[in-house]
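K.L.:
For reference, the structure I am asking about is given below.
The values are calculated or read from the model by the stated rules, or taken from the named source; none is laboratory data. Bear in mind that the values here come from a model prediction, so they are computed numbers and not experimental data. Note that we place each Cβ from the backbone using ideal geometry, even for glycine, and neighbour counts take in every protein chain shown.
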């Protein structure tokens, strides 16, 4: 690869999610270290965030969700 990574695309995506990212469902596992870089909850967009207790990125799925 000849281009250097500068992170601008990631910054642009994060900005867009925080201002225009409506109708998203964010599902994270409570035992997942990747959740440290999760999209933070935000009152400016109409989205839902779920952190599934005892799950990680391999099994934090809609089908893994419970009512509690």
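K.L.:
Looking at segment 44-64, is at least one residue surrounded by fewer than 10 Cβ atoms within 10 Å (Cβ to Cβ), at pLDDT below 90, assigned to a loop (DSSP other than H, G, I, E, B) and more than 14 Å from the chain's Cα centre (by Cα)?
P.N.:
No, segment 44-64 has no match at all.
K.L.:
Name every residue in segment 33-43 that is surrounded by 13 or more Cβ atoms within 10 Å (Cβ to Cβ), part of a loop (DSSP other than H, G, I, E, B) and out of contact with any helix residue (DSSP H, G or I) (no Cβ under 8 Å at 6 or more places or on another chain), in order of residue number.
P.N.:
Filtering segment 33-43 for residues surrounded by 13 or more Cβ atoms within 10 Å (Cβ to Cβ) gives 35, 38-39, 42.
In the following step, the residues that additionally are part of a loop (DSSP other than H, G, I, E, B) were identified as 38-39, 42.
Across segment 33-43, the qualifying residue is only 38.
K.L.:
Would you check which residues across segment 1-23 are in a loop (DSSP other than H, G, I, E, B) and loosely packed, with under 13 Cβ neighbours inside 10 Å and list them? Spell out how you get there, then give the answer.
P.N.:
Step one: filter segment 1-23 for residues in a loop (DSSP other than H, G, I, E, B), giving 1-7, 21-23.
The answer is 1, 2, 3, 4, 5, 6, 7, 22, 23.
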